[in-house]
Each structure stands twice: as structure tokens, then as C-alpha cells.
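Okay, so here's the structure we're looking at.
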Amino acid sequence: MSPLTPYRRLFARPGTRAFTLGNLVARLPMGMFSVSAVIMIASARGSYALAGAVTATGLAATAVVAPWTARLVDRHGQARVAVPATAVALLGGIGLVLCVRFGAPDWTLFAGYAATATTPNTGGMSRARWAHLLRDDPAALHTANSFEQAADELCFMLGPVLAALLSGTLFPEAGMLAGSVLLMTGVLLFAAQRSTEPPLRPRTASRSPVRAPGMPPLLLAFLATGAVFGAMEVVTIAFADARGNRSAAGAVLALQAAGSCVAGLLYGSVRQNGTDAQSLAERRFPRCVAAMAVLLTLPLLAVVLTGSLSLLAGALLVAGMATAPTMVTGMTLVQRRTPEGRLNEGMTLAVTGLLGGIAAGSAAGGWMVEHVSPEAGYGVPVLAATVAFAVAALGARPGAVRRSRGAGAGLALPEREPRIEHGNPVADTPAVGAPSSDPSNPCANSGAAH
């Protein structure tokens, strides 16, 4: 069977191509904003530490606001919330551009970028649609999850290139402005596809995923993994700038995402079913994180031993191949360990962990660049990945795994929930991965990410 066959079957379903197209347009700017902000601020203020701190603040704000945006999406639907939330974020991005352009005080940069925290997580909303459409087909859902991760990597591969190209060849603010236009356009296209939108659901009584067995160490592993991404981005931009080739930073970062994208698509083409996929994920996650930690030493060695930007690009391409399998396997465990009816809440917590880690990694990477050297900055991702492996290994202990399996995972034990139509509950099919809508919990749907 061709590796593309599972994907052809996936997109043969009605409506899937339309919402995926709009989602990809909206998701592309997610790979542009941080790079655009770093280039724009560093060009105007001459400080990578300030640029890293501003982007870290924005990501930290997103990690706080994401659950609340998710709660609104869950209670009122994707289309009704995503468009106005994006409009608010758009105003924040434009405000940041104006503050940089006209030399406003530094504190206004933090405020402007923090205002973009309402950006909806279009990737999370897309995963929620797949979970709703494929609730009775675990094998197809595995393929969809792998495709979504590959799409993330594709956007983070093309986004930095486009941002660096626009900001480097036109004017420093061009990347941020172009990303804002693409985001608004994509969200409008995505929200217009109402036929595939998950139905609203009543509140559930199950406990929060953060207290589910096996979830705390998993979320800590996501936090440390996010630090890898945040530090790598800031440090690579600074390293390319130190070599007099700042515009190449986007292309260099894109190669890391390219390696992950290819690995993700290949991983998704491997057929996995039911219990086998879940038990494999338990064993594979620590191994994937370990592989990521080992491969991340390659960029560090490349810059320390050679100082070559070309060799760094090749090292990042290889290092990126461990990213997608790590993320897909990690999200599988989130689905496995999340209680019934709270899958989107569990995914939101994972995304929030990543965002918190990205914020910390950006700040740490910027500090290392500013006070030590860009080369030393590549030690931050290695350290973060090592911590992620230690946490993942502890979380995969036999006792922890057995307790996790008894928790009633979101995908393992689907439940039949009523659907709301015209304000009244009606019978529905098992709703694996459908959004919960617990008004008392702000983490009920997918989070927002830049």
C-alpha cells in the first residue's frame, strides 16, 4: 500500500478538504509571528534580549488566555468565537507594529504582543473536527493526528521563511502585517465550513484531566519540550545575525520543521489500531523524547566545532526528525489518559504546557545570546530535551502506566452523550474527542497558540 493511501481515504470524506484549506491558511502565520516580532524588535531596538522577552511575554499571556478562549469556543461553537477572537488579536498585532514603528516605550511592546493572546488555536479546532468526524475509526484518527502534526511543521517551516523574507527585503514590520492578514483570512474561511463543526455538548461531571493518573508528568514533559522550540528559534536567529546573514534564519529553522514534517507523514502512514497503538505509545514516548535529546546535540556540535551556518542547517534537518513522532505519540497519550468527555480539555492543557515552555525557552535563549554567546545558546534546547526525557521516563514507570490505563481514557472508552439541537438534548452517537462544555472549567477546548 502506498504511504499516501491513508491520506487519500482521509480527505475523501465530505467537507474535510474545505476546512483543512482554511485551517492551513490560518495556521501559516503561527510560524511567522514570533520570528517577525524578534526581527522587528531587534532591528528597531538593537536587543535580542528585549525581543526574546517580548515574545516570551506574548506566549505566556496566550498560555493563560487560551483556556478561557477555549471555554468560549466549547460553549458557543467554533465559528461564533474564532472570528471575533481573531479580530481582537489582530488589533494587538497592529498595535505592536505601531509601537515599534513610532518608538513607543518598551513596556508598550509587551502590552501590544500580549494583546494577541486571544488568537484561537486553529490547529486545536481542526483536531477537534477530526475527532468528531472519526470518532468510530481509531486508525483513521491516528492518520489525521499525524497529518495535523505534519501540517504544524509545514506551517512552521514556511512561516519563518516567509517572515524573514518579508521583514528582510521589504521593511521590518512586513512579516507581522502579512501574518495578520493571512490569519484573519484563514479563520474566516475555516469558520465558514459549518458542516464539519463539532456539535455543542452539555457539561460533563468527569474530573479535570490535570488530575488524571499519568497526566501531570506528561504535561511537564510538554512544558520542557516547548522550551526546546522557544530557545531554538531565538538562538538560531541570533546565530545567523552574528554571521551577517539574518535573512537566512528563517530558511535554517525551516529545515528543522521539514525534517519533522516528513517524519510525521511517514509515521502517520504506518497503520496502527486500537489497543496496539495505545500500548505502543506508552513505550514509544520516552524513546522518542530520548532520540530528540540526542539529536539536538548535533546543532550544538555544529556551531561550537565549525561555526558554519550550512552545517547548522543540516544538523537541524536531522534533529527535526524526532519532533513529529514525539508530538504525535505525546498527543496519543493525552488522548489515552484523559477522562471520558474531556479530550479537548486535555489537549488544551498540553498546548498550554507547550506555550509555557516556549515562553521560558525564548527568554532563556535570549539571555544566553545576550550575556554569553549564540553558540552557548544551543545548550538550552539540549538541556530542556534532557529534562523532558527524565520526566517522560519517570511518567512511563509501570505503576504509573497501569494507573493511567485504569483512568478511562478519552479515546479508549467512548461514551454516549446527548447532542444539543435548538437548545434541546437529543440522542447522538458515541462522541469520542468531542468538545466538552463545562462552564465551571475554562480549559474545555483547544487553546490558542502563536
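Can you pull the Rg over Rh of segment 36-113, Cα-only, Kirkwood?
When Rh is taken as the Kirkwood radius, the ratio is 1.06.
Take the solvent-accessible surface of the protein heavy atoms, probe 1.4 Å, and return the percent of it on segment 115-182 that carbon and sulfur atoms account for.
Looking at segment 115-182 in its full context, I get 73 percent from C and S.
Given 0.36 nm per residue, what is the gain on full extension from Leu170 to Leu21 after removing their alpha carbon distance, in nm?
Going from the current span to full extension adds 50.9 nm.
Can you pull the three principal axis extents for the Cα set of segment 220-329, in Å, largest first?
52, 27, 21
Accessible surface of Phe389 in the full protein assembly, 1.4 angstrom probe, to the nearest 10 Å²?
Ignoring ligands and nucleic acids, Phe389 comes out at about 80 Å².
What accessible area per residue, rounded to a whole number of Å², is obtained for segment 124-237 using a probe radius of 1.4 Å?
Ligands and nucleic acids excluded, the result is 34 Å² per residue.
How much FRET efficiency would the formula 1/(1 + (r/R0)^6) give for Leu305 and Asp106, where r is the Cβ-Cβ distance and R0 is 30 Å, rounded to 0.05?
After rounding to 0.05, the efficiency reads 0.25.
Modelled label-to-label distance, Val210 and His371, 7 Å Cα→beta-carbon offset: nm?
2.9 nm
With r as the distance between the Cβ atoms of Arg45 and Val181 and R0 = 22 Å, compute the FRET efficiency 1/(1 + (r/R0)^6) and round to 0.05.
0.35
Percent of Cα-Cα pairs more than 15 Å apart in segment 61-162, please.
Result: 70 percent of Cα pairs exceed 15 Å.
How far is it, in nm, from the label point at Leu266 to the one at Leu280 when both lie 7 Å from their Cα along the line to the Cβ?
Here the modelled spin labels are 1.5 nm apart.
The values are calculated or read from the model by the stated rules, or taken from the named source; none is laboratory data. Please read these numbers as outputs of a predicted model, since none were measured by experiment. Here the Cβ is made from the backbone with ideal geometry for all residues, glycine too, and neighbour counts use every protein chain on show. Side chains included, ligands, DNA and RNA excluded: accessible areas come from the protein's heavy atoms. Shrake-Rupley method; radii C 1.70, N 1.55, O 1.52, S 1.80 Å.
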